[in-house]
Amino acid sequence: MSKLSLSLKARQILIFVGIILLVLPTILLSIEQAFERAQIKALEQQLEAYLYTLIGEIDLDSEQVGIVGGFLPPILNQVDSGTLAILEQDGKIIWQSDSALAHTLTISQRPKSSGEKLFVLENGFWRYSYGLFFENSFGTQNLMLHVMQQQSVLESQVAEFGSIILRWFLVIALVLVLASAVALLSTLWPIERLDAQIKAVEQGEKQEIEGHFPKELARVKADLNLLLNSQERQKNRYRSSLSDLTHALKTPVAVMRSSKVSQDPQVAEQLDRITNIIEHQLRRAASGGEDVWKKKTEVEPIVQKLHGVMTKIYADKNIVFSVNTEPDVHFYGDEADLMEIVGNLLDNACKACQGQVSIKAVQQSQQLHITVEDDGPGIDPKQKEQLLIRGKRLDTYTEGHGVGMAIVHDLVVSYQGHLQIEDSALGGAKFVVHFG
């Protein structure tokens, strides 16, 4: 769940960053384009204002029409100001502003008639043109007035505005990313704490979930604790009832064994069968199975304890044990169940062996592998197949491996594990139990 929370946080932050990187550049581009259009419109209006000012300064009282220049906009008198003005008569330049002296201008698009206006981008200039028609004492005058500004002036203004917008974009993006990260972390932090508490319960480090949580998670915490307490109470009642049942059944069986009836071999056999069935079913029912809340049980102490017990029980066989358990190997389940599984496997191996028994426990990628081998006669392949079929009982096959194997099989299956039977390099049987 921790990995899930981290993955969720990473996904949420990446999604938000992706939205920022997608939306903000679009907004930036839109603002920049809108600013550029506004600047072009403002330039058109400014050039039109210059044009009307120049029209008012045209001298119509002389044969050579021109612009007096008494009230010209100052920018037209500045050399290389980027804003120019030209007056044409019949397609020939008859006057130009001082700012136009250093430029060689080519005009191809003109208004088609007098009174017509034209605003166009041509040859690196934004140009506003206006056709004029005058009648004076010297005749008819066909004039064309052009006011223009270099495109680079407008581009520099747009570029400067774009750089300012870009800086603000980076600042806003950084603030939004940090704010989203803080918001997500603060939101997911209680979930992570709850996850850590649940993990501690799963591993048997705590009995219930502790600590304060937001009201949205407080109800979840209360329900989980209620479930844990209810499960524990139910398990204790169940095991107490089973213990009572065990004692209740042992008494009548003991009475029957002490009676004359038990001297009959067939009756004695059936009593043994009843005893085995009772013990098997009680152990199976009392098993913790795969609890939702797993307990973390260290494997090495269990193996060492069982090794010591088997050494004493089978001291007359002088068995050579090979015990190999890696450090920090854990079984996520009930300690009694692990002892039942390993104890039965070791007990059967000791019964079947001639002098060697090996047990090995390793953990790889959260998977626990327990291997028990012996140098006995082994197991018939047909019986191996029967043992791997769930529900089959092999309490009757020979050489010691039958007793308790049904218990082992049921316990392994209850933990969603897998029991594998092979031929051992020692010459006998090899049982491998996989969990996880």
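With a Förster radius of 56 Å applied to the C-beta separation of residue 164 and residue 249, the computed FRET efficiency comes to 0.05. Of the accessible area of the stretch 294-353, computed with a 1.4 Å probe over protein heavy atoms only, carbon and sulfur atoms account for 50 percent.
Global dimensions of the stretch 149-201 from alpha-carbon coordinates: Rg and Dmax equal 22.7, 77 Å.
Could you give the length gained on full extension between residue 52 and residue 30, defined as 0.36 nm per residue of separation minus the Cα-Cα distance, in nm? Each step should come with its number before you reach the end.
Numbers: separation 22, 0.36 × 22 = 7.92 nm, distance 3.31 nm.
Going from the current span to full extension adds 4.6 nm.
Our coupling estimate for the stretch 369-376, obtained by passing each phi through the Karplus curve with A = 6.51, B = -1.76, C = 1.60 and θ = phi - 60°, is 10, 10, 10, 10, 10, 9, 9, x Hz, Gly and Pro reported as x.
Heavy-atom accessible surface of the stretch 307-357, averaged per residue, reaches 47 Å², computed with a 1.4 Å probe. Here the 3J(HN,Hα) profile of the stretch 321-326, calculated from phi with Karplus coefficients 6.51, -1.76 and 1.60 at θ = phi - 60°, is 9, 10, 10, 9, 10, 6 Hz, Gly and Pro shown as x.
With a Förster radius of 35 Å applied to the C-beta separation of residue 155 and residue 17, the computed FRET efficiency comes to 0.65. Say the cut-off is 29 Å between C-alpha atoms; which of 206/235; 305/430; 250/360; 351/382 go over it? Those over the limit are 250/360. Between residue 422 and residue 258, the simple spin-label model (points 7 angstrom out along Cα→Cβ) gives 5.1 nm.
Taking a sphere under 10 Å around the Cβ of residue 424 and counting the other residues whose Cβ falls inside, with K and R at +1 and D and E at -1, yields a net charge of -4.
Where does the stretch 328-384 land on the Kirkwood hydrodynamic radius, alpha-carbon pairs, in angstrom?
Working: mean 1/r = 0.0786 Å⁻¹.
The answer is 12.7 Å.
Using the Karplus relation 6.51 cos²θ - 1.76 cosθ + 1.60 with θ = phi - 60°, the per-residue 3J(HN,Hα) values for the stretch 181-198 come to 5, 4, 5, 5, 5, 5, 6, 8, 4, x, 5, 5, 5, 5, 4, 5, 5, 4 Hz, with x marking Gly and Pro. Calculated FRET efficiency, residue 313 and residue 367, Cβ-Cβ r, R0 30 Å, to nearest 0.05? The computed FRET efficiency comes out at 0.45. Residues whose amide H lies under 5 Å from that of residue 329, counting only those 5 or more places away or on a different chain, are 299, 300; hydrogens are built 1.01 Å from N in the peptide plane.
The values are calculated or read from the model by the stated rules, or taken from the named source; none is laboratory data. For clarity, every value in this text was computed on a predicted model and none was experimentally measured. Using ideal geometry, Cβ is built from the backbone for each residue, glycine included, and neighbour counts are taken over all protein chains shown. Please note that ligands, DNA and RNA were not included when accessible areas were found on the heavy atoms of the full protein model with its side chains. Shrake-Rupley method; radii C 1.70, N 1.55, O 1.52, S 1.80 Å.
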